[in-house]
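Take a look at the structure set out below.
Where a number appears in this text, it was derived from the coordinates with a stated rule and is not lab data. Note that this is a predicted model, so its numbers are computed, not measured. When we count neighbours, we look across all protein chains shown, and the Cβ atoms used for this are built from the backbone with ideal geometry, even at glycine.
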């Protein structure tokens, strides 16, 4: 029995490289969907501003906990410009003297202002759900190989219209929320939405009920090879908008429990 959990894209690469006469397009790939429907979360623009707060003589160890706003879009009232939604991540920290590197000013009063520790920087940023699309793919590169001579991955992925519309709304909401709380000089700082930047790679060996359109069943077990389980992000069918690591752990625990039961029944 094999549990493959090499990180989403590396698991797919191993399967694509493990071709044989029965599976010429990659091991456990009778559906032809291995390497398809890959996803990664994407950010909104970064909303930042300043607000008065406590003067802390020692900043390290006194940082407040991060701010998290769970998804609130398309839960009740539905939007017309995009489906699904995003979460918001935020935080705050004292503005330290190094802000003077990029600030305008000179003289004693300027230096004195840099010693103020009672002004805090606050930030808010959205993390959006990426829809699974068949044309976002992983394939084996015909020319590039790793240090062991094994073909590397070629990643072809873009964000679509749904992601663009969601990103615009998340950026506007982040700015509006900061402004509503009285943050001074609230503004948006541009951030590029580049696949891979979130490091939340998902998809490529997705689960599904139909062996003709998926690689794994609902217990992360290969439709084609019953002794093969893939329990990392490759199994994901959608990305949600939440950080996914705990989901992988839960899926793995469930797959292990299922495998043990199947072994006891002598089905494996």
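Here are the numbers for this structure:
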| quantity | calculated |
| --- | --- |
| For segment 199-268, alpha-carbon Rg and Dmax in angstrom | 12.2, 39 |
| Simple spin-label estimate for residue 245 and residue 22 in nanometres, 7 Å along Cα-Cβ | 3.6 nm |
| Zone residues, segment 159-203, relative to residue 101, backbone N less than 20 Å from point 7 Å out along Cα-to-Cβ | 189-191 |
| Which of 103, 44, 171 has the fewest Cβ neighbours within 10 Å, and the rest in rising order | 103, 171, 44 |
| Evaluated at q = 0.09, 0.14, 0.18 Å⁻¹: base-10 log I(q)/I(0), Debye formula over Cα of segment 1-141 | -0.57, -0.86, -1.04 |
| Against the rule of thumb 2.2 N^0.38 Å, how large the Cα Rg of segment 68-170 comes out | 1.77 |
| Length released on extending from residue 267 to residue 72, taking residue separation times 0.36 nm less the Cα-Cα span | 65.9 nm |
| Overall Cα dimensions of segment 115-268 - principal axes, largest extent first, Å | 68, 42, 34 |
| Space enclosed by the convex hull of the alpha-carbon atoms of segment 127-186, per residue, Å³ | 143 Å³ |
| Viscosity 0.890 mPa s, temperature 25 °C, Stokes-Einstein D of segment 153-231 from Kirkwood C-alpha radius, µm²/s | 150 µm²/s |
| 5 Å binning of all Cα-Cα separations within the chain, expressed as whole percents from 0 upward | 1, 6, 10, 13, 13, 12, 10, 9, 8, 6, 5, 3, 2, 1, 0, 0, 0 |
| Residue 213 versus residue 118: modelled label distance in nm, points set 7 Å from Cα along the beta carbon direction | 6.2 nm |
| Sorted by Cβ density within 10 Å, fewest first, the residues 188, 75, 251 | 75, 188, 251 |
| FRET efficiency, residue 147 to residue 254 (Cβ-Cβ, R0 25 Å, nearest 0.05) | 0.10 |
| Taking 148, 120 and counting other C-beta atoms within 10 Å, the order from fewest to most | 148, 120 |
| Förster-model FRET efficiency, 41 Å R0, residue 52 and residue 156, C-beta, rounded to 0.05 | 0.25 |
| Rg over Rh [alpha-carbon atoms, Kirkwood Rh] for segment 185-233 | 1.31 |
